[in-house]
Amino acid sequence: MPSPFPGMDPYLEGEMWQEFHETLAGAIRAQLLPLLTPKYVALLAKRYVLDRADIGIVGLPPERVIYPDVHVVAPPGTATRPLPSSTGVAVAEPAVELASPMIEEVPLLSIEIRDVAERRLVTLIEILSPVNKRGEGWREYVDRRTEVLQTKTHLLEIDLLRQGLRLPLLGQLPPAAYYVFLTRWQRRPWTQVWPLSLREPLPAVPVPLLPPDPDVPLDLQQAVTACFDLVGYERLLDYSAPPPPPPLSDEDTAWVADRVRAFRQPQTPAEGQTS
């Protein structure tokens, strides 16, 4: 059992998300390629969005920096001590060092379905990330999405994050933890919506191609399972802590705790077998 959960693992929505995002894009591409040949191909396309920690600033100068860790120097009230100085004046030590919000280039991978003959972009598959769902990053994504919707390109959007803003659609989304959105260019402005439960396996969804070619299926659960099989995220995620925010309902919190408890319980040998 690669994950305690039958569908999306909510613990992936934390510090492991960026790594998982890129691995998932590769798994989706690997699953689709045999279904697309020989007429189509699935290509990975990388772009960068500038983000500021906890603020979500986009459009600032293109410089790459990193987020420094919080570094505790000394607890409050620590006595001062003289530093090497010709005057001998005692200089106070700082109580703590805190990180300032810094700009970071966040890499985002999309999957582009193109026809081999003319290299036309037929279907764009986007896996939403936290940077797409907050502040200026959300506005940047909406602008990019609007441009795609003006073309004859199908758009498949996979939102496996409970946190952040949802897509700007008219009408009320069904309540769900996760969503898949499909906008076929022939059906615009209509968008098909798949609400995904935390407690159920992820579905297979259609990937449209050029008419008259039929859709090909994308099994999202198979893709997520392939990521666990490849990397072993169950060894890296801290299941002893609560899932990353936003908080779950009381019922889902209890369900998650039960799944984690069963996952961490050591397996006992079957009757008649020796360990």
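The values are calculated or read from the model by the stated rules, or taken from the named source; none is laboratory data. Given the structure is predicted, the values throughout are model-derived calculations rather than measurements. Cβ sites come from the backbone with ideal geometry, for glycine too, and all protein chains shown count toward neighbours.
Observations on the model:
- Hey, P34 surrounded by fewer than 20 Cβ atoms within 10 Å (Cβ to Cβ) and part of a loop (DSSP other than H, G, I, E, B) or not: no
- Within the stretch 212-242, being part of a loop (DSSP other than H, G, I, E, B) and of a type in the set (A, V, I, L, M, F, W, C) holds for L236, L237, A241.
- So P206, is it at pLDDT 95 or above, in contact with a Phe, Trp or Tyr (Cβ under 8 Å, 6 or more places away or on another chain) and part of a strand (DSSP E or B): no
- Per-region count, the stretch 143-156, residues touching a residue at least 40 places away in the same chain (Cβ under 8 Å) and either surrounded by fewer than 11 Cβ atoms within 10 Å (Cβ to Cβ) or part of a loop (DSSP other than H, G, I, E, B) (or both): 0
- Some residue of the stretch 166-185 being closer than 25 Å to R120 by Cα, surrounded by fewer than 20 Cβ atoms within 10 Å (Cβ to Cβ) and of a type in the set (K, R): yes
- For the stretch 52-66, the count of residues that are in contact with a Leu (Cβ under 8 Å, 6 or more places away or on another chain), modelled with pLDDT under 90 and assigned to a strand (DSSP E or B) is nonzero.
- For the stretch 157-199, a residue qualifies if it is in contact (Cβ under 8 Å) with a residue 60 or more places away in the chain and basic (K, R), and the qualifying residues are R162, R199.
- Subset tally (residues that are crowded, with 21+ Cβ neighbours inside 10 Å and either closer than 20 Å to P245 by Cβ or over 18 Å from the mean Cα position of the chain (by Cα) (or both)) for the stretch 97-121: 1
- Every pair of residues 6+ apart whose Cβ atoms lie under 8 Å, when the first sits in the stretch 236-262 and is over 19 Å from G14 (Cβ atoms) while the second is surrounded by 11 or more Cβ atoms within 10 Å (Cβ to Cβ): A262/P4
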